[in-house]
Every structure is written in structure tokens, then in C-alpha cells.
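Student: Mind having a look at this structure? Questions to follow.
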Amino acid sequence: MLYFRVIGKKMEATGLTDILMEAGLVGSGTIGGIMSGKNYSRAMACHKTVLEALEHLIVEAFLESRNETSVFESLPVDSKVNLKSITLTCPPRKEDLDEAFKVEAIAAYIEVYLEFKDGIRNGSLGKTVQFWASYMDHVWLVLQLNEGVKTNELLL
């Protein structure tokens, strides 16, 4: 809850509250509880939703920078088949994911994507995008902390 308050304080006057209200995620009466961290479950849902939307925008920018129209478009056919088979199981098995990341073409593609995200964090697409990327990092940290507590993974 305290970390959500930190995020709320950082995001004051950025338009995040307007985004949440315009998207219909919250009403005017609950926005204060979300930004202060007092309404934990609703704050988690809202931040996860905004995080997903921002991740989609980053993927779109990444694809545009590579002149691609879909994710993994430039991968060899066997790698695409491998990834498609993984996505058919929900949630994907960790063993299948580990095997996919060992495939050179997939690992290289993901590495290029991660370098693109690092460039965003360093301001390659401007200060505004850099700021929202820092917001995303905060939300990812909350999700990792939550996962670590649930699975008793203290190192996570």
C-alpha cells in the first residue's frame, strides 16, 4: 500500500487520474483511495491495466521501428511454431518457456526488444515516454514484490 502511495505521489498532475476515470476504471469518489494506496485491490487492478496498455504501445513502437506488422514476424517458421504451441497452454509451462528462450532466433529477438526498452528508459523516444517508462518500472516492481510474497521467493 505504501508503494502505491509513492507511485500516486509521483504521478500527481501527470494525467493518470484522468486516464483512469476516462477509461471507466474508477469513479471520482474512488480515485483518491487508489492514488493514496488505501484501496489496494482497486489500485492493483488499475495500475495493471494501465501497465498493459503502455506495454502494448511500446510493442507497437518497437514493431514500427523494425518495419514489422506483427510480433515475431521476422522469426523463422519453426520458431513461430514453437511460440504458438507455447501460447496454446494457459498458463504456459515454465519448462516450455525455458526451451523457447534457448532457441537462438527467439533469444536474439527478445534481446533486441529489451534493448529497445532500455533505449526508452534512456530517453530515446523523448522525456515523456521516459517518464511513463519509469512508472511502468514501478508497477512491475510492485508485481514482482507481490509474486515474491505469494511464492515465498525472498530473492525475487
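Student: I'm checking a number: the convex hull volume of the Cα atoms of the chain, normalised per residue, in Å³. What is it?
Tutor: Values: hull volume 22.8 nm³, N = 156.
Each residue corresponds to 146 Å³ of Cα convex hull volume.
Student: Note down the magnitude of the dipole of the stretch 69-121 about its Cα centre, charges +1 on Lys and Arg C-beta and -1 on Asp and Glu C-beta and zero elsewhere, to the nearest 20 debye. Write down the numbers at each step before the final one.
Tutor: Values: 7 positive and 10 negative charges, 43 e Å.
With Lys and Arg at +1 and Asp and Glu at -1, about 200 debye.
Student: Ranking request for peptides 136-142, 122-128: highest mean number of other beta-carbon atoms within 10 Å first, then the rest in descending order.
Tutor: By packing density, highest mean first, the sequence is 136-142, 122-128.
Student: Ok, one more. Between K127 and T14, what length in nm is gained on full extension when 0.36 nm per residue of separation is reduced by their alpha carbon distance?
Tutor: Details: separation 113, 0.36 × 113 = 40.68 nm, distance 1.29 nm.
Contour length minus Cα-Cα distance gives 39.4 nm.
Student: Spelling out what I want: for every residue of the stretch 34-48, take phi, set θ = phi - 60°, compute 6.51 cos²θ - 1.76 cosθ + 1.60 (Karplus), and round to whole Hz; glycine and proline get x.
Tutor: For the stretch 34-48, the Karplus-derived couplings read 6, 6, 8, x, 6, 9, 4, 5, 5, 4, 4, 5, 5, 5, 5 Hz, x marking Gly and Pro.
Student: Expected output is a single nm value to one decimal: the length gained when fully extending between M21 and Y3, i.e. 0.36 nm times separation in residues minus the C-alpha distance. What is it?
Tutor: Working: separation 18, 0.36 × 18 = 6.48 nm, distance 2.12 nm.
Here the segment from M21 to Y3 would lengthen by 4.4 nm.
Student: OK, next. Step by step: find N for the stretch 69-121, compute 2.2 N^0.38 Å, then divide the Cα radius of gyration by it. What's the final number?
Tutor: Details: Rg = 11.9 Å, N = 53, 2.2 N^0.38 = 9.9 Å.
It is 1.19.
Student: Helix-only mean residue ellipticity at 222 nm, the chain, DSSP H runs n ≥ 4 weighted -39,500 (n - 2.57), per residue, nearest 500. What is it?
Tutor: Working: 8 runs with 111 residues, N = 156.
For the chain, the value works out to -23000 deg cm²/dmol.
Student: Still on this structure, please answer the following. May I ask you to compute the full-extension gain from E73 to S134, defined as 0.36 nm times their residue separation minus their alpha-carbon distance, rounded to one decimal in nm?
Tutor: On the way: separation 61, 0.36 × 61 = 21.96 nm, distance 2.82 nm.
Extending this stretch completely gives an extra 19.1 nm.
No lab work stands behind these numbers, since they all come straight from the coordinates. Remember, it's a predicted structure, so these values are computed and weren't measured experimentally. Reconstructed Cβ throughout: ideal geometry from the backbone, glycine too, with neighbour counts over all protein chains shown.
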